[in-house]
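Below is one structure, written out as structure tokens, with a few remarks after it.
What follows draws every value from the coordinates through simple rules; no lab data is involved. Source: prediction; values computed, not measured. Methodologically, a virtual Cβ is constructed for each residue, glycine included, from the backbone with ideal geometry; neighbour enumeration extends over all protein chains shown.
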Amino acid sequence: MSGRRSFETINYMLRPNKNVERKLIAKTLGRLQAAFDVRSYRYVGFGSMWFTDFVLMHRVVGISDMVTIEKEASRAKRVEFNKPYACIDVRMEKAATALGDVLEGKHSVTWLDYDGPLKNALSGDLETAVGAMLSGSMILVSVNAMVEQLRGHQLAEGEPILSEVEYLAEICDSQAVKAEEPRLTRNDFPKLVAELLHDRLKAATLSMKPGCEYRPVWTFEYADDATMVTVGGMVADVTDQAKLAECKLDELPFASPEEMFQIELPILTEKEKRALDKLLPSMTAIDAKKLEFELRPAELEAYVRFYLEYPVFNEMAA
Amino acid sequence: MTDTVPAAATVAKANANPSKSFFIAMLTRDIDLVDCILDLLDNSVDGIGEAARRENRELPEQQPFAGYKVEIRFDRNKFSIQDWSGGIPIQVAQDYAFRFGRPDDAPALNDGTIGLYGIGMKRAIFKMGNVVNMVSSTGVESFTMDLNVDAWRRDPQIVEREDGEEVMEWSFDLNDLQRQGTGVEQGTTITITELYEGIWRQFENPVFRDKMQMMIARDYAFILSRGLEVFVNGVKIKPEMPAFREGAEIAPFKHLEVVDGVRMEITAGLTDPPPDDTSATARNPDSRIYGWYVVCNDRVVVSGDKSSDTGWGVKPVPAWHPQFIGFMGVARFESDDPNKLPWKTTKRDVESSNAFYQRALPVMMRATKRLTDYTNTRRAEAKKAKRAEKAAEAKPVQRVVANSVGRLPVIATKDLVTIQYFRERADVDAVAEALGLMGSSPTEIGIRTFEYYLKREVSQ
């Protein structure tokens, strides 16, 4: 391990799949505007140095009350320096303590984008967040969903290496999860991670928000390098549950409460993208074989679906 | 002359009848949902023994519950528990089973039953929901009971006698009575619907489902290991039996005594090696399972107890501390007369004023003290102690030999002090690297640097 954090190695914006995921979430929030005044909500996230999600939430969704939580004290100036808008408040604090004050008494959209293993999401942040939220608020959680993260752990130095399922039971603090051992594979683990996170949010809501229930809205899987999972939904009392139903999110194919919605976009050159865009929109399916370059049918299909969201990257003179 | 007031005016009766609402509130107030469900499970277990007695059958000594099972199911809309135990005879249902509390003239409790106060079933029903359906069959006779709690509560069921006095006649209606050759399968099924919000929110909660399974695995460990099968939402529960390390240098303490019809068995020892680092930031195993277990007629009444009820913090035993992680004690009480046993009505608490318990407690405390002292002395030779502890195998409590004084690794006693200080992680890592001990614990680094200085700079 080099000890570098992901934001130092990759420019957040250069991840087409993550980029599209953000736009789909923004679209869902736009749809919710019909029944909830999302524009007046507070957006809470881990902006890091890139603030990509903050830019989108301000520009596309129209939120202008935003808080970024940053625990690395040594980066305080960089975070402050990089924040793109004046309406972003920087909280130099651990999420576990900051979330409580930041969410209390204010409708919010909170995105706990861990960019690390599942364990990070099970530290109590979710419970703190849900416990402080107002009904009608949204919460999203993203974690790495590679099954490899379960390997090679021990309880303490000198103790034997735990099996993958034992380690999972340990971080989840649950014996029942041991029954899921057959799903600890590269292909099945992301779905399990999504279920575990939805379950956490549901449990937190049931035990800490009397009168409210958790209504799942999103279940995404995508991979720019590592496989990631994002889940999210609304903490809603009976009134907000009815308002949420009015928004008919089920008409949005990507707002998927349980089924995994996969975002699998190809990396395209600018020239390839322009060639494809020229064919779109199209009422009939485009034949991958007729393109001037190779693209697998699944990649083409993914592109056709998200060509409007697909990010364009350009090198700029500094 | 003074007027004499007629005697009739100097005495009167003040009405002290309870209201049903008060009764329901009192009954369900102090009990946890899990405990309610365990109460119903207790009834299913007792039903097995009662049926055997009625039919003059002997249950096998070691595996009395072999072949019996209980299925518990719950979701947002419904709770149900079904057993294939003996069922409730109509006469018992009419006279006792639905009474609030066991009447004094009820048949004697015997042969180690675990349900004793006669409130478990009613309490569970009132706690969970508004609509109850119960079907019970002995294989010969059967009945059903349908109850709408709210309707029952609103009907006072008080009859005014001719002399104007109120008489309570609380009852539940039994229907579909079959007195001979019933077609209903032997056993009892209780189904509760129109669940209260506080209840379905727990049934929906994945954490509750987990907790339910864990509690049955632990509190029913002794009963499950004697043959009963319990399923929760289709998942079969495996018993989690307390186990003790036993090896060449290490063995649990065990004390056995029978007094006045109560058998007391006290076992204490190490179930895991104590931790090396017990500071607030250390990552230690979940300490829930460690501490004392009190078991009455195979039913675990308190588990992993670390309170003064089991002697912690009562001189000379120290109060619980993470340093004692790894300690486990089991105090088992058995009697044909469950009234003698040290449990409270919820069966989730030990009755510490019970005479038999008071007799056992000093023995428990002596065992605790020996082991807590050991966790201090073992620090002098922590590595040697850990080797011995790890070499020992975990043995389930029922296989521990009776009246064993126990063994612990012998540690030469020295006058020891603790050194504790804080340094920046980066510096400690750098020292670790210089020592060639990358990845070692800070404790290890501290010991090595101290030894380095001691060897070089201090004349010995």
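I need the fraction of alpha carbon pairs in region B:199-250 separated by more than 12 Å, rounded to a whole percent. Tail fraction, whole percent: 68.
Across the alpha-carbon set of chain B, the Rg to Rh ratio works out to 1.10, Rh being the Kirkwood radius. Shape index of region B:329-444: Rg/Rh, with Rg the Cα radius of gyration and Rh the Kirkwood radius from the inverse mean 1/r over Cα pairs, equals 1.15. Under 5 Å from the amide H of residue A:44 lie the amide H atoms of A:67, A:109, A:110, A:111, each residue being 5 or more positions distant or on a separate chain, with H modelled from the backbone and absent for Pro and chain starts.
Each of B:34, A:190, B:301 was scored by the projection of its Cα onto the charge dipole of the protein assembly as shown, and the greatest displacement toward the positive side belongs to A:190; charges sit on the C-beta of Lys, Arg, Asp and Glu. By the equivalent-ellipsoid construction on the alpha carbon gyration tensor, region B:302-379 comes out with semi-axes of 26, 12, 10 Å, ordered largest to smallest.
Past 24 Å, Cα to Cα, is the threshold; run A:18/A:273; B:13/B:127; B:236/B:340; B:383/B:455; A:106/B:211; A:83/A:243 against it and keep the listed order.
On the way: A:18/A:273 18 Å; B:13/B:127 33 Å; B:236/B:340 32 Å; B:383/B:455 21 Å; A:106/B:211 33 Å; A:83/A:243 34 Å.
Distance filter (> 24 Å) returns B:13/B:127; B:236/B:340; A:106/B:211; A:83/A:243.
In the protein assembly as shown, what % of DSSP beta bridges are antiparallel (nearest 5)?
Roughly 70 percent of the beta bridges in the protein assembly as shown run antiparallel, per DSSP.
Quick note on region A:120-164: its Rg to Rh ratio, both from C-alpha atoms and Rh being the Kirkwood radius, is 1.17. Peptide A:194-207 has a mean of 3 when you count, residue by residue, the C-beta atoms of other protein chains within 10 Å of its C-beta. Beta bridges per DSSP, both residues in chain A: antiparallel share near 50 percent. In sequence order, region A:167-183 has phi-based couplings of 5, 4, 4, 5, 6, 7, 6, 8, 7, 4, 5, 4, 5, 8, 3, x, 8 Hz under the Karplus curve 6.51 cos²θ - 1.76 cosθ + 1.60, θ = phi - 60°, and Gly or Pro positions carry x.
Using the Cα atoms as the points, what is the convex hull volume per residue of chain A in Å³?
Each residue corresponds to 165 Å³ of Cα convex hull volume.
The distance linking region A:189-218 with region A:105-136 is 11 Å (Cα centroid to Cα centroid, whole angstrom).
Using a/c under 1.5 as the rounded threshold, could you call region B:140-226 rounded, prolate or oblate? The axes a ≥ b ≥ c are square roots of the C-alpha gyration tensor eigenvalues, and prolate needs a/b larger than b/c, oblate otherwise.
Because a/c hits 1.5 or more and a/b fails to exceed b/c, region B:140-226 counts as oblate.
Estimated from helices alone, the mean residue ellipticity of chain A at 222 nm is -10000 deg cm²/dmol (sum of -39500 (n - 2.57) over DSSP H runs with n ≥ 4, per residue). Each Cα pair under 8 Å and six or more residues apart adds its sequence gap; the mean of these over the residue count of chain A is a relative contact order of 16 percent. Among B:121, A:228, sorting on how many other beta-carbon atoms sit within 10 Å of each Cβ, with the fewest leading, yields B:121, A:228. With contributions of -39500 (n - 2.57) from each DSSP H run of at least four residues, the per-residue ellipticity at 222 nm computed over chain B stands at -9000 deg cm²/dmol. For residue B:296, the residues whose modelled amide H falls within less than 5 Å of its own, excluding neighbours fewer than 5 places apart on the same chain, are B:301, B:333.
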